[in-house]
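What follows is a short report on a single structure.
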Amino acid sequence: MPLIQETDYGTPIRVADHTVTLTIDGQAVAVPKGTSVMAAAMTLGTKVPRLCATDSLEPFGSCRLCLVQIEGRRGFPASCTTPAEAGMVVHTQNEAIAKRRRGVMELYISDHPLDCLTCSANGDCELQDMAGAVGLREVRYGQEGANHLDAPKDESNPYFTFEASKCIACSRCIRACEEVQGTFALTMEGRGFGSKVSPGGTDFMNSECVSCGACVQACPTATLNEKSVVALGTPEHSVVTTCAYCGVGCSFKAEMKGDRLVRMVPHKDGKANEGHSCVKGRFAFGYATHKDRITRPMIRARITDPWREVSWEQAVSHAASELRRIQAEYGPDAIGGITSSRCTNEETFLVQKMIRGAFGNNNVDTCARVCHSPTGYGLKTTLGTSAGTQDFASVADSDVILVIGANPTDGHPVFASRMKRRLREGARLIVADPRRIDLVRTPHVQADHHLQLLPGTNVALVNAMAHVVVTEGLVAEDYVRARCDLAEFESWARFIAQERNSPEAAEPVTGVPAQAVREAARLYATGGAAAIYYGLGVTEHSQGSTTVMAMANLAMATGNIGRPGAGVNPLRGQNNVQGACDMGSFPHEFSGYRHVSDDATREMFEAIWGVPLSAEPGLRIPNMLDEAVGGRFKGLFVQGEDIAQSDPDTKHVTAGLAAMECVIVQDLFLNETAKYAHVFLPGSSFLEKDGTFTNAERRINRVRRVMAPLGGLADWEGVMALSNALGFPMAYRHPGEVMDEIAQLTPTFAGVSYARLEEVGSLQWPCNEDAPLGTPMMHVDRFVRGKGRFMITEFVPTDERTGVNFPLILTTGRILSQYNVGAQTRRTENSRWHAEDVLEIHPFDAELRGIREGELVSLESRSGDIALRARISERMQPGVVYTTFHHASTGANVITTDYSDWATNCPEYKVTAVQVRRTNRPSAWQEDFAEGEATMKRVARLDVPAAE
Ligand code: SF4
Ligand code: SF4
Ligand code: SF4
Ligand code: FES
């Protein structure tokens with residue numbers, strides 16, 4: 001596909017109830033009121049020359065290149081800052097205008113290096129384009145006078161350069177950082193001729209910049225330019241695809257030169273991101289071609305043996321015969337598999353199909369088990385569907401935003417930028433988090449309330465807020481009467497009104513002052529449209545499902561579901577967590593969340609798949625591991641998931657894996673789980689395959705193949721090969737055919753097809769006959785389950801307790817530059833921002849233990865111990881410490897426990913009782929890990945000729 005160029009209207013196209021009609025160069029045009037003359041002209045296809053304007057930013061009016069003449073008005077107004085008015089008669093081109101524009105351009109060019117032919121932006125530079133557009137043929141002023149041509153170059157950022165000599169001081173970068181990203185990292189220093197863009201600090205790397213790329217995107221010259229473009233040249237063709245990182249699901253144009261990916265440019269038509277990006281999706285794609293990629297299938301008899309490279313055919317036939325041997329020896333239920341939230345819907349669907357159809361059991365689970373399974377349970381129970389209620393755009397209508405157990409600026413940065421924009425416009429903010437996350441106070445945003453609760457007390461806090469709503473007469477009674485089950489509401493209201501659920505009773509448990517809870521609850525209930533956004537700080541608890549239901553109760557009681565700006569919205573971790581769950585990855589559910597014991601559903605699948613299916617729910621991941629340790633579970637297929645690093649209680653996980661006789665790993669890299677594998681199948685990155693991802697707002701976005709799979713087969717083709725070797729035939733020619741089968745078998749996907757996605761870009765499920773264009777907002781007139789269901793949400797403290805030996809609580813989370821277990825981001829320059837996991841500790845706790853900044857400390861729990869460096873931080877509250885889990889060598893999950901959510905087994909990552917002490921050496925586990933790594937590197941691979 002040729003390079004995709006989106007239309008830039010110069011200024012934002014407004015949304016308004018009224019239109020105005022004006023005449024531009026003799027043509028009448030009607031535009032929404034408030035639209036600029038420049039954008040109105042663009043709707044007619046007339047591009048008024050411009051430099052400081054672009055339609056992702058508010059008009060600024062500094063370059064004076066866009067001047068026009070308007071009949072009846074004096075002078076030459078700037079078309080970018082002049083709103084279109086009814087009856088206006090505009091001329092965009094005549095000799096007087098042209099002369100003035102040439103004069104403006106002449107001044108710019110006289111202070112610009114004349115190295116167009118060797119400039120990295122040659123052919124992709126708006127300054128160059130505008131010189132041509134205004135007909136500039138000569139520059140009367142020389143470059144001998146004062147100029148900026150020797151201005152220094154800042155190359156500190158690993159991904160982009162700042163070449164100040166090329167800057168035209170248009171401020172687009174500064175405004176992008178403010179308006180689009182909301183970081184306010186850049187300023188214009190000095191005045192007049194001395195004006196220069198500054199990132200503050202010494203350079204970009206040492207500034208507030210978060211490398212989102214918005215300024216690079218906005219820059220009309222080569223001043224801010226991607227280093228990959230500088231190195232490889234301007235791209236030639238592009239493919240629109242979806243980011244492979246977080247659940248925001250940003251759309252990107254993968255811009256290529258030949259078969260090399262030059263850059264990822266956020267796609268303006270992408271509805272999840274509308275042209276914005278974060279450092280991961282925008283820049284951290286180098287892992288896809290990293291030298292560590294394993295591109296040949298490998299097998300070995302024992303996990304202590306060296307790997308042997310074989311053909312795909314040999315690998316899958318070996319894997320299939322091992323799985324069948326195990327079933328013959330230990331029974332049909334002795335094998336199972338794990339699907340991945342990093343793989344496409346189609347791949348996930350095929351893995352669960354292979355397990356149910358070829359393995360002959362329901363032993364399939366997914367990494368969502370360890371993150372958002374409580375969301376599925378909690379929202380389905382109360383509202384009737386296992387997904388968030390709103391689209392991302394809805395936040396623009398929120399008056400009050402409650403962020404609980406989520407850190408959007410790090411975990412879901414592009415959505416965080418939308419949210420911050422709304423907060424800057426005046427929406428009120430309540431943050432409930434044990435840690436002072438950035439949102440609590442960030443430029444031009446300050447939370448009204450930071451409810452700094454103790455980890456593990458979410459239920460008590462949300463119940464206390466609901467108590468205030470019920471006891472202070474703040475219930476939306478008409479809404480509840482019309483839309484919810486009244487008997488259940490009344491029983492819940494009696495429960496929640498009890499004194500033990502009051503903010504005062506909760507205060508000693510949560511640590512949050514009762515008055516703050518009361519004020520926050522009143523704000524939530526009475527401040528207008530109120531939205532809840534939450535993350536793993538809600539779900540990864542022994543009461544994760546209870547908190548989700550408590551939030552749904554609170555939202556229903558205040559009438560905050562089914563209208564714009566409101567809702568209960570999970571911020572999903574991995575890009576396709578929603579999709580992996582939708583596609584039937586849980587052991588008890590087919591796609592579309594239908595129970596395997598439901599005869600009619602099962603019969604429908606049996607008819608299409610042509611095999612009998614089990615009505616018995618299968619094993620969850622923790623049960624598979626328990627059974628393995630017990631000697632009853634012997635074979636596992638794991639696609640795109642590293643349970644040995646990501647799942648809790650590492651020692652138990654590795655003991656389970658080590659006890660198995662055939663572990664098959666399909667992945668990009670030899671990850672921690674692969675250390676216990678007998679068969680390794682090369683995985684394919686998101687750039688190497690077609691498919692779809694479903695983001696946190698239920699939006700199904702296309703993933704498009706940009707380059708051929710390095711391992712020869714895309715993941716879905718590898719699964720087909722294994723299924724065929726197992727005697728369960730699959731013969732899809734393209735993932736689009738898999739989607740057709742998904743649509744045939746899944747009512748909420750009935751209207752989804754690749755053809756429809758091509759037509760409309762993306763679709764939010766449910767998409768079917770009733771909603772052919774999808775469903776941006778759910779539960780509008782009625783809840784999916786009929787009547788909204790209030791659930792009793794008793795607070796039951798976790799069994800994990802602090803005490804004399806383990807007096808602190810450890811909670812875990814993510815950082816912006818790294819992603820999950822770090823397998824991808826650690827293999828990119830993103831590691832410059834986070835080269836190791838550190839332990840954040842409050843100054844009080846540090847001082848008590850004699851710990852200084854940067855010192856190595858031992859972090860010990862009842863499960864194990866690790867060592868990492870201390871970062872003394874007032875983000876923490878005394879008694880609570882925090883770390884990330886992005887580096888395998890840290891082993892953060894060596895110390896997490898095996899406590900889990902009562903309903904879904906989602907691990908309680910967020911609460912571990914620990915002790916912290918100074919140390920001078922790594923832990924025994926870390927020493928073993930380092931030794932294992934060294935051994936792995938030493939063991940040479942024994943290559944044998946492939947049979948293919
Ligand atoms: S990369 Fe993003 S955060 Fe950094 S200066 Fe540019 S717009 Fe601001
Ligand atoms: S760096 Fe680029 S966007 Fe920023 S002021 Fe200079 S030319 Fe304009
Ligand atoms: S916000 Fe998420 S989906 Fe968007 S670019 Fe960043 S990591 Fe990718
Ligand atoms: S584009 Fe209008 S003043 Fe610069």
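FYI, it's all coordinate maths here, none of it is from the lab. Keep in mind that what you see is a predicted model, and the values were worked out from it rather than measured. All Cβ positions, even for glycine, are placed from backbone atoms using ideal geometry, and neighbour counts span all protein chains on display.
Quick notes on this one:
- Radius ratio Rg over Rh of region 362-513, counting only Cα atoms, Kirkwood formula for Rh: 0.98
- Pairwise centroid distance, computed over Cα atoms, of region 57-110 with region 897-931, Å: 63 Å
- Rounded to two decimals, the Cα radius of gyration of region 452-510 over 2.2 N^0.38 Å is 1.20.
- Projected label distance in nm at residue 4 and residue 393, using a 7 Å step from Cα toward the beta-carbon: 1.7 nm
- Applying a DSSP loop filter and a limit of 10 other Cβ atoms within 10 Å to the GluC sites (Glu not before Pro) in region 22-97 leaves 71.
- Here, region 746-801 has an Rg and a Dmax of 17.9, 55 Å when only alpha carbons are counted.
- Summed residue charge, Cβ within 13 Å of residue 770's Cβ, Lys/Arg positive, Asp/Glu negative: -1
- Once the Cα atoms are used to define both axes, helix 345-354 deviates from the longest principal axis of the chain by about 20 degrees.
- From the alpha carbon centroid of region 241-286 to that of region 600-651 is 33 Å.
- Beta bridge orientation in region 644-762: antiparallel %, DSSP, nearest 5: 55 percent
- Long pairs among 99/196; 153/689; 280/910; 227/271; 166/257, criterion Cα-Cα beyond 31 Å: 153/689
- Angle in degrees between helix 924-938 and the longest Cα principal axis of the chain, rounded to the nearest 10: 70 degrees
- Remark: region 12-79 carries a charge dipole of roughly 180 debye about the Cα centre, counting +1 on each Lys and Arg Cβ and -1 on each Asp and Glu Cβ.
- Leading residue at positive end of dipole, region 805-878 (Cβ point charges), from 817, 806, 858: 817
- Farthest toward positive dipole pole in region 215-357 [+1 Lys/Arg, -1 Asp/Glu at C-beta], among 294, 331, 319: 294
- DSSP bridge analysis restricted to region 786-890 gives an antiparallel fraction near 40%, rounded to the nearest 5.
- Principal-axis analysis of the Cα atoms of the chain puts helix 373-382 at an angle of about 90° to the longest axis.
- Relative to the current alpha-carbon distance between residue 330 and residue 595, full extension at 0.36 nm per residue lengthens the span by 92.7 nm.
- Cβ-based net charge around residue 899, under 11 Å, with every Lys or Arg adding one and every Asp or Glu removing one: -4
- Think of the chain as a dipole: +1 on every Lys or Arg Cβ, -1 on every Asp or Glu Cβ, centred on the Cα centre; then among 465, 234, 386, 234 lies furthest on the positive end.
- Computed helical MRE - 222 nm, the chain, DSSP H runs ≥ 4 contributing -39500 (n - 2.57), nearest 500: -8000 deg cm²/dmol
- Fraction of beta bridges assigned by DSSP in the chain that are antiparallel (%, nearest 5): 60 percent
- Spin-label pair residue 269-residue 85: with each label point 7 Å from Cα along the Cα-Cβ axis, the two points sit 3.6 nm from one another.
- By the compact-protein rule of thumb, 2.2 N^0.38 Å, the alpha-carbon radius of gyration of region 9-86 corresponds to a ratio of 0.98.
- In a fully extended conformation the segment linking residue 500 and residue 446 would gain 16.3 nm over its present Cα-Cα distance, using 0.36 nm per residue.
- Once the chain from residue 21 to residue 632 is taken as fully extended at 0.36 nm per residue, the excess over their C-alpha distance is 212.4 nm.
- The distance linking region 439-485 with region 391-411 is 14 Å (Cα centroid to Cα centroid, whole angstrom).
- Calculated SAXS-style log₁₀ I(q)/I(0) at q = 0.11, 0.15 Å⁻¹ - region 201-356, Debye, Cα scatterers: -0.67, -0.96
- Proximal charge balance of residue 220 [Cβ under 11 Å; K/R count +1, D/E count -1]: -1
- Zone of residue 73's modelled label, taken as backbone nitrogen in region 29-54 under 11 Å from a point 7 Å along Cα→Cβ: 36-38
- Cut-off 20 Å (backbone N to label point 7 Å along Cα→Cβ of residue 259), residues of region 712-730: 712-718
- Size of charge dipole - region 417-479 - debye, nearest 20, with Cβ of Lys, Arg +1 and Asp, Glu -1, no other charges: 560 debye
- Only the Cβ atoms of Lys and Arg (+1) and of Asp and Glu (-1) were treated as charged; on that basis the dipole of the chain about its Cα centre amounts to roughly 1460 debye.
- Cα convex hull of the chain, projected area averaged across orientations, nm²: 40.2 nm²
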